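Single-structure report; data block below.
The values are calculated or read from the model by the stated rules, or taken from the named source; none is laboratory data. Since we're looking at a predicted model, the values are computed, not measured. FYI the Cβ positions are ideal-geometry reconstructions off the backbone, even for glycines, and counts take in every protein chain you see. For the accessible areas, the whole protein counts, side chains as well, though only heavy atoms, and no ligand, DNA or RNA atoms are used. Shrake-Rupley method; radii C 1.70, N 1.55, O 1.52, S 1.80 Å.
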Amino acid sequence: MTAPTPRPGIMDIRPYVGGESALEGVSRVIKLSSNEGALGPSPKAMEAFRAQAADMHRYPDGGATRLRAALAARWGVDAERIVCGAGSDELLGMLCRAYAGPGDEVLYSAHGFLMYAIAAKSCGATPVTAPEVDLTASVDNLLAAVTPRTKILFLANPNNPTGTYLSADEVARLRAGLRPDILLVIDAAYAEFVSKNDYTPGIELVDGSDNTVMCRTFSKIFALGGLRLGWAYCPPGIADVLNRVRNPFNVAAPSLAAGVAALEDTAFADLTKTHNDYWLPWMQAELAKLGLPTTQSVCNFVLVQFPKEEGRTAQAADACLRAQGIITRAMGGYGLPDWLRITVGTGEENQMVIAAIAAFQASWN
Ligand SMILES: *Cc1c(COP(=O)(O)O)cnc(C)c1O
């Protein structure tokens, strides 16, 4: 007797481990491990979510009509070209399922988001990585890694966990250097946090091509990670494909309602942005004062490097922070074992994590 076996590639998937949220024996946990919005969700989104309770026997609007209209109005794009998903993770998986399979390659940069490998392997495709330069995606290295089998290139811009980004010109150069039959997916999960003149989330590239998709999420600046809500802006042909492969009711009704309310509450999103604009450089400056290098993150997290000396390492720092109830993200799974990723939290949380790291450093000086 043999048990059913999954398709080749499935057992190569290393299951994604989310940021932890609880610690044994610690009553107050400071969770800075998943880049969730520091201020929590908009009160209006919470209200819209609650208002859905009495209707939970009803199927949601499978077409996400109101949300797509709100997104289209907000970003000045065509609602027909928007497809919503249960988190942008679902959309990344759908794109892989629709456009790649066994024998195909899915390309991304070396420290790209872990979901790309999972999505590629689950459809039987082979993940391929291109080296980065200074923990930043390299257009030249990505183009050099293209082979006749390449079907999809995932570019997180800016990237998680490095926090670094490519300028609009560089992304356009990447698109121009790729064969037209290669799908370029720009994953702009942190777009709303970026304040750089040379950055764009990629809408103009989608508009100007039939082979580029931009994915966005409500999990980061809008702080709706628990509701699983994301969207893709696509060329018409690709929107059509996604609408064929997606589950008909893939986004829950309370998620759709909360998403619309979160989008309408621009004041709250602005507040979150202002908060991040203050605390991100503050955290980077404080870590620099402690002699700890960070990347030039433009997101709502910092990536900080610890020395290799025994006892001073990222693992030791992680253990020391955990003992005080502070959870950050260890980066071994991303091939960055000397680094910790720390989400920008509330002002108090940021002060606490920096104070704890300062004490950890001081114990060695
Ligand atoms: C958080 C994140 C996502 C998205 O998440 P969902 O919650 O599935 O929408 C996508 N890409 C990157 C790079 C992220 O960091």
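Things worth noting here:
- P(r) tail fraction, the chain - alpha-carbon pairs more than 37 Å apart, %: 20
- Under the Karplus curve 6.51 cos²θ - 1.76 cosθ + 1.60, θ = phi - 60°, whole-Hz ³J(HN,Hα) for region 75-85, x wherever Gly or Pro sits: 9, x, 10, 7, 4, 5, 9, 9, 10, 9, x
- Ranking of VAL302, VAL29 by solvent-accessible surface, largest first: VAL29, VAL302 (1.4 Å probe, protein heavy atoms only, all chains present).
- Adding -39500 (n - 2.57) for every DSSP H run of four residues or longer, then dividing by how many residues the chain holds, sets the calculated 222 nm ellipticity at -11000 deg cm²/dmol.
- Nearest-0.05 FRET efficiency for ASP198 and THR147, computed from C-beta distance (R0 25 Å): 0.25
- FRET efficiency, ASP270 to ALA72 (Cβ-Cβ, R0 22 Å, nearest 0.05): 0.60
- Taking all protein chains together and rolling a 1.4 Å probe, PHE360 ends up with roughly 20 Å² accessible.
- Along its first, second and third principal axes, ordered by size, region 141-210 spans 36, 27, 17 Å in Cα coordinates.
- Integer Hz, Karplus 6.51/-1.76/1.60 couplings in order for region 205-217, x for Gly and Pro: 6, 5, 4, x, 8, 10, 9, 10, 10, 10, 10, 9, 9
- Per residue accessible area of the chain, 1.4 Å probe, in Å²: 44
- By accessible area with a 1.4 Å probe, ligands and nucleic acids excluded, highest first: order of GLU80, GLU310: GLU310, GLU80
- Label-point separation, ALA51 to ALA285 (7 Å along Cα→Cβ), nm: 4.1
- SER167, SER195, SER42, ranked by accessible area, largest first (probe 1.4 Å): SER195, SER167, SER42
- Within the accessible area of the chain (1.4 Å probe), percent carbon and sulfur: 55
- At an R0 of 30 angstrom, the distance between the Cβ atoms of ARG173 and GLN315 translates into a FRET efficiency of 0.20.
- Viscosity 0.692 mPa s, 37 °C: Kirkwood-radius Stokes-Einstein D of region 108-236 over Cα pairs, µm²/s: 221
- Rounded to two decimals, the Cα radius of gyration of region 242-314 over 2.2 N^0.38 Å is 1.75.
- The lysine pair count for the chain, using Cα distances under 27 Å and pairs eight or more places apart or on different chains, is 15.
- Hull-based mean projected area of region 276-348, where the convex hull spans the alpha carbons, in square nanometres: 5.0
- Heavy atoms of ARG81: accessible area, 1.4 Å probe, square angstrom to 10: 40
- Distance between modelled label sites at LEU114 and VAL29, nm, 7 Å Cα→Cβ extension: 1.6
- Placing dummy labels 7 Å off each Cα toward the beta-carbon, the span from ASP134 to SER209 is 2.4 nm.
- Accessible surface of CYS123 - all protein chains present, 1.4 Å probe, nearest 10 Å²: 10
- The chain: relative contact order in percent, alpha carbon pairs under 8 Å with at least 6 residues between: 23
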